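The values are calculated or read from the model by the stated rules, or taken from the named source; none is laboratory data. Everything quoted here is computed from the prediction, not taken from an experiment. Using ideal geometry, Cβ is built from the backbone for each residue, glycine included, and neighbour counts are taken over all protein chains shown. Keep in mind that these areas ignore ligands, DNA and RNA; they rest on the heavy atoms of the full protein, side chains included. Shrake-Rupley method; radii C 1.70, N 1.55, O 1.52, S 1.80 Å.
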Amino acid sequence: MIEEQIRGRGLDEPRVIEAMRAVPRHRFIPEAYRSQAYEDCAVSLDLGQTVSQPYIVGLMTRLLDVSVSDRILEIGTGSGYQTAILARLARSVYTVERLSVLGARARETLESLGYDNIQYRIGDGYEGWTEHAPFDKIMVTAAPGELPDALFRQLKDKGKMVIPIGEELYSVTRSGDEAVKVHHGGVRFVPMVEDGG
């Protein structure tokens, strides 16, 4: 997976490669789909959710440019796979999942693997986690139709967010009240759902 799907496509940032090597992807995949864990594709979870293909996880992680001192907000815990990679790179990760079944399963897996720098919340991703804001970085793993203002406001000045908007991937840097967007190509993510919406 690392050599063909990650390095083979030009992603060779050493810390990202090291984190992806260290996280056992199969542990985050339901038994029924585990044979696909290291294939070059997204893998199904329950409730219509997916684990992104390894290359997209690697790309988004590299674009986020995580440093060891960063406090990261992750929107969409999902399986917990991306959470684990972020937790290996950053000081702490605050992860929000809308679906309690997925959130509980991810937490159980992550804790069983010994991660102790992750805070968990079941809630509406659009709201973020204001009590712990501002964050150095924000990773969004579901696609809203536009940049959620509440999340942008929880980003530190000069902080960075990586987010799919519709079917396009962006990195967004906060410069005062301005969002400086850089486009990184087309992607397909499950839609980001607002509670009550």
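Provide a single number: the residues in region 88-116 that are open to solvent by less than 50 Å² (accessible area, probe 1.4 Å) and of a type in the set (Asp, Glu).
Result for region 88-116: 1.
Is there any pair with a first residue in region 115-140 that is at positive phi and a second that is surrounded by fewer than 17 Cβ atoms within 10 Å (Cβ to Cβ) whose Cβ atoms are under 6 Å apart and which are 6 or more apart or on different chains, and what are they?
Gly128/Ala150
Take Arg62 and tell me if it is over 27 Å from Leu47 (Cα atoms) and at pLDDT 95 or above.
Yes; evaluated as a whole, the condition is true for this residue.
Any idea which of Leu47, Leu11, Leu102 is aliphatic (A, V, I, L, M), part of a loop (DSSP other than H, G, I, E, B) and under 18 Å from Phe189 (Cβ atoms)?
After applying the criteria, what remains is Leu47.
Restricting region 82-130 to residues that are in contact with a strand residue (DSSP E or B) (Cβ under 9 Å, 6 or more places away or on another chain) and charged (D, E, K, R), which is farthest from Pro164 (Cα to Cα)?
Glu111
Evaluate the following for Arg188: is it within 25 Å of Ala19 (Cβ to Cβ), out of contact with any His (no Cβ under 7 Å at 6 or more places or on another chain), surrounded by fewer than 22 Cβ atoms within 10 Å (Cβ to Cβ) and at pLDDT 95 or above?
no
Listed here are the residues, each with its yes/no results for (1) at pLDDT 95 or above; (2) surrounded by fewer than 15 Cβ atoms within 10 Å (Cβ to Cβ); (3) among the basic types (Lys, Arg).
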| position | (1), (2), (3) |
| --- | --- |
| His132 | yes, yes, no |
| Lys156 | yes, no, yes |
| Val180 | yes, yes, no |
| Asp195 | no, yes, no |
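Search region 46-68 for residues being of a type outside the set (S, T, N, Q) and out of contact with any helix residue (DSSP H, G or I) (no Cβ under 9 Å at 6 or more places or on another chain), and hand back the single one that is nearest to Val193 (Cα to Cα).
Ranking the qualifying residues of region 46-68, first place goes to Gly48.
In region 117-128, how many residues are under 19 Å from Ala84 (Cα atoms) and open to solvent by 20 Å² or more (accessible area, probe 1.4 Å)?
5
What about Arg27, is it farther than 12 Å from Gly58 by Cβ, open to solvent by 90 Å² or more (accessible area, probe 1.4 Å) and part of a helix (DSSP H, G or I)?
In short, yes.
Please list, ordered by first then second residue, the pairs with beta carbon atoms under 7 Å, 6 or more apart or interchain, first in region 28-57 and aromatic (Phe, Trp, Tyr), second open to solvent by less than 10 Å² (accessible area, probe 1.4 Å).
Every condition considered, the pairs that remain are Phe28/Val51; Phe28/Gly80; Phe28/Tyr81; Tyr33/Val43; Tyr38/Arg25; Tyr55/Ile6.
Count, please, the residues in region 69-84 that happen to be assigned to a loop (DSSP other than H, G, I, E, B), in contact with a helix residue (DSSP H, G or I) (Cβ under 7 Å, 6 or more places away or on another chain) and farther than 18 Å from Trp129 by Cα.
Within region 69-84, residues that are assigned to a loop (DSSP other than H, G, I, E, B), in contact with a helix residue (DSSP H, G or I) (Cβ under 7 Å, 6 or more places away or on another chain) and farther than 18 Å from Trp129 by Cα number 1.
Taking region 40-68 as the region of interest, how many residues are open to solvent by 60 Å² or more (accessible area, probe 1.4 Å) and over 22 Å from Ala143 (Cβ atoms)?
1
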